[in-house]
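Please treat every number below as a calculation from the coordinates, not as lab data. This structure is a prediction, so every number in the text was calculated from the model and none was measured. All Cβ positions, even for glycine, are placed from backbone atoms using ideal geometry, and neighbour counts span all protein chains on display.
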Amino acid sequence: MGWKIPKPFYWASGLATCIGGICIIKDMFGEKEYAGDENMTDKIVIVTGANTGIGKAVAQGMAKRGAKVIMACRDLPKCEQAREEIVLETRNKYVYCRPCDLAVQKSIREFVKNFRKEHNKLHILINNAGVMRCPKSLTADGIEMQLGVNHMGHFLLTNLLLDTLKSSAPARVVNVSSVAHSRGTINVNDLNSNENYDSAAAYAQSKLANILFTKELAKKLKGTGVTVNAVHPGIVDTELMRHMSFTKSFFAGITIKPFFTLLLKSPKQGARTVLYAALNPSLDDVTGAYFSNCQQIEESENAKDEKMADWLWQTSAKWTKLNTN
């Protein structure tokens, strides 16, 4: 009578084979790093949320090409740690940490004020920082956190830097949005989610706002030499996932998260389309567009609503006190 292999062994073997297959497929067909060899020496770049995830990978990609990179971050100790890693890897000493909390409009204004003291040019602005599906909370200025950080904070930052961008033309603005925008609507009757808060709906609304802002800004910047485009970076393994359910449940953490993580892009893969939109010479005259996988794609119907884009702009200007600066 031969020895029988225990059934758990078959299960474990099958699981290992499945995981191995997923890893191979991910490696073969997943996005690679952005491979453009643009020379960014003496060019000045701001990247928000640059201390981790996609933002850090973008900052690293810019530094690698010789740019002067300003890492605009809320967490300065973490930013400094990331900066040191980037400098050591790229051998580019012109990488700087500067405080900028997108949930505090006063902090945004201070960042811009200090930036102008140090630099008179800005060639690329990457609006990357964000929060996703967080519990209901408000920014320092009373705005729902996801709308406040993902849209309003970047709306204010970008507008305060427009004069510098225009004087540095050709220049580019890249807004990191998400495919989640396709599920979003702008709730004109409850934009701040005061009456009803759903974390997924609020996130989708903020990502739709990113694209509406992109399109309206592109119209306003026509003829200035400054372009603005939006990007879906893909589903990326970053700290943005920290509020997802599988990060809080022990059972989900050991059953679902390992498989889900295998399908995610790395931060460097997620940075690929952002760098493409910011650097690729073929996009010199492209503005108001939406990109995914380094290709221009069509945004949702709600993202094409010009009246809504205008309404959102006017509302955002009021909420950020833009016209009083």
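Between Gln295 and Thr224, what is 0.36 nm times their sequence separation minus the Cα-Cα distance? Round to one decimal in nm. Please report the intermediate quantities before stating the final value.
Details: separation 71, 0.36 × 71 = 25.56 nm, distance 2.42 nm.
Answer, rounded to one decimal: 23.1 nm.
In Å³ and rounded to a whole number, note down the convex hull volume per residue for the Cα atoms of the range 41-320.
On the way: hull volume 35.2 nm³, N = 280.
About 126 Å³ per residue, rounded to a whole number.
Could you sort out which of Lys136/Lys222; Lys268/Lys321; Lys219/Lys321 sit more than 32 Å apart by Cα distance in this structure?
On the way: Lys136/Lys222 37 Å; Lys268/Lys321 36 Å; Lys219/Lys321 21 Å.
In this structure, Lys136/Lys222; Lys268/Lys321 exceed 32 Å between Cα atoms.
Report the label-to-label distance for Glu110 and Lys321 in nanometres (one decimal), using points 7 Å from each Cα along the Cα→Cβ vector.
The two pseudo-label positions are separated by 1.5 nm.
Between Lys307 and Asn192, what is the FRET efficiency for a Förster distance of 22 Å, r being their Cβ-Cβ separation, to the nearest 0.05?
Numbers: r = 20 Å, r/R0 = 0.92.
With R0 = 22 Å, the Cβ-Cβ based efficiency is 0.60.
Calculate the FRET efficiency for Tyr96 and Ser167 from the Cβ-Cβ distance with a Förster distance of 30 Å, rounded to the nearest 0.05.
Values: r = 20 Å, r/R0 = 0.68.
Efficiency at R0 = 30 Å is approximately 0.90.
With 22 Å as the limit, write out which pairs from Lys32/Lys56; Lys64/Lys220; Lys166/Lys207 have Cα-Cα distances beyond it, or answer none.
On the way: Lys32/Lys56 16 Å; Lys64/Lys220 32 Å; Lys166/Lys207 25 Å.
Over 22 Å Cα-Cα: Lys64/Lys220; Lys166/Lys207.
State, in angstrom, two size descriptors of the range 152-209 derived from its alpha carbons: Rg to one decimal place and Dmax to the nearest whole number.
My reading of the Cα-based Rg and Dmax gives 14.6, 43 Å.
Rg/Rh for the range 277-318 to two decimals, with Rh computed the Kirkwood way over all alpha-carbon pairs.
On the way: Rg = 13.2 Å, Rh = 12.3 Å.
Over the Cα atoms of the range 277-318, Rg/Rh equals 1.08.
Hey, what's the Kirkwood Rh for the range 92-139 if you take every pair of different alpha carbons, in angstrom? Show your work: numbers first, answer last.
Details: mean 1/r = 0.0768 Å⁻¹.
One decimal place: 13.0 Å for the Kirkwood radius.
Pop a pseudo-label 7 angstrom from the Cα along the beta-carbon direction at both Glu33 and Ser137 and give the gap in nm to one decimal.
A separation of 3.3 nm, rounded to one decimal place.
Which order do peptides 292-302, 216-226, 118-128, 52-62 fall in by mean Cβ count within 10 Å, highest first? Could the numbers behind the result be given before it?
Working: 292-302: 14.0, 216-226: 16.5, 118-128: 21.4, 52-62: 27.7.
With the highest mean Cβ count within 10 Å placed first, the list reads 52-62, 118-128, 216-226, 292-302.
Glu118 to Arg183: extension gain in nm, 0.36 nm per residue of separation minus the Cα-Cα distance?
19.3 nm
If you project the alpha carbons of the range 92-207 onto the principal axes, what extent comes out on each, in Å, largest first?
Principal extents (Cα only, largest first): 44, 28, 27 Å.
If you place +1 on the Cβ of every Lys and Arg and -1 on the Cβ of every Asp and Glu, how big does the dipole about the Cα centre of the range 41-320 come out, in debye to the nearest 20? Can you show the working numbers first?
Working: 36 positive and 26 negative charges, 157 e Å.
Computed charge dipole of the range 41-320: roughly 760 debye.
What do you get for Rg/Rh of the range 117-159 when both radii come from the Cα atoms and Rh is the Kirkwood radius?
A ratio of 1.09.
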